[in-house]
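Okay, structure first, notes after.
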Amino acid sequence: RAAAARGELRTPLPVGYLHDELGAVVIAPDAEVAAAIRDLFAAFAGCGSAYGVVAAFYGRRFPLRAYGGVWAGQLRWGRLSHARVLGVLKNPCYAGAYVHGRYTSRRTLDPDGSVHTGLVERPRSQWPVLIRDHHDGYIGWAEYLANEARLAANRTHTGARPPREG
């Protein structure tokens, strides 16, 4: 917890970032990866929806870092999915922030006695560690918050309507 509070706890980084030889978080030197991530944020700024970003990337590859199995730690390229777009847009690391404790484990007990464990995202006010401007970001903190608000406004199951043409 002390290392996390200082922003020094090493955790797996999202695609587009690496730990340098001193352990600091830096933007990956791969220009193709950086361009793909910047294009994703530009596409979202242009269309305002995650599905619009998926459509803009149709026929293009997007990087993904594998965290287990044979491909552990390696960079792979594949099709960009809606879930992947949301994962990038909602990740505060891309805004240059260090976060620890964004998710918590929650256990539930069924009537038959079986226990289920799952991860639940905490509200930002309950994150134990949030260090803004910890490292260089692809976007700024204000843009991250604006993207988060746009995504919340796009959720149609809450009664809001997404932006449409015409």
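Looking at L22, L40, L9, L18, which one is of a type outside the set (V, I, T) and within 18 Å of Y144 (Cα to Cα)? Let's see the steps before the verdict.
On the way: L22 fails: within 18 Å of Y144 (Cα to Cα); L9 fails: within 18 Å of Y144 (Cα to Cα); L18 fails: within 18 Å of Y144 (Cα to Cα).
From the options L22, L40, L9, L18, the qualifying one is L40.
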Okay, helices (runs of 4 or more DSSP H) sitting entirely in the range 29-99 with 2 or more residues that are in contact with a strand residue (DSSP E or B) (Cβ under 6 Å, 6 or more places away or on another chain) and surrounded by 15 or more Cβ atoms within 10 Å (Cβ to Cβ), I get 31-47
Taking the range 45-89 and keeping only residues that are touching a residue at least 60 places away in the same chain (Cβ under 8 Å) and over 16 Å from R150 (Cα atoms), one is left with L75
Of the residues in the range 100-119, those that are assigned to a strand (DSSP E or B) and more than 15 Å from the chain's Cα centre (by Cα) come to T104, S105, R106, R107, T108, L109, V115, H116, T117, G118, L119
If you go through L130, L145, L151, the only one that is modelled with pLDDT of 85 or more, assigned to a strand (DSSP E or B) and under 15 Å from the mean Cα position of the chain (by Cα) is L130
Here the qualifying pairs (Cβ atoms under 6 Å; residues six or more apart or on different chains; first in the range 1-26 and at negative phi; second surrounded by 13 or more Cβ atoms within 10 Å (Cβ to Cβ) and aromatic (F, W, Y)) come out as V25/Y17
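Out of the range 1-28, which residues are part of a helix (DSSP H, G or I) and under 24 Å from Y67 (Cα atoms)? Reasoning before the result, please.
In the first step, residues of the range 1-28 are kept if they are part of a helix (DSSP H, G or I); the result is 2-6.
Result: A3, A4.
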>> Given the criteria among the aliphatic types (A, V, I, L, M) and open to solvent by less than 40 Å² (accessible area, probe 1.4 Å), does L109 qualify?
In response: no
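The values are calculated or read from the model by the stated rules, or taken from the named source; none is laboratory data. Predicted, not measured: the structure shown is a model, and the values here were computed from it. We place every Cβ from the backbone using ideal geometry, glycine too, and count neighbours over all the protein chains shown. We work out accessible area using only protein heavy atoms, side chains counted, and drop any ligands, DNA or RNA first. Shrake-Rupley method; radii C 1.70, N 1.55, O 1.52, S 1.80 Å.
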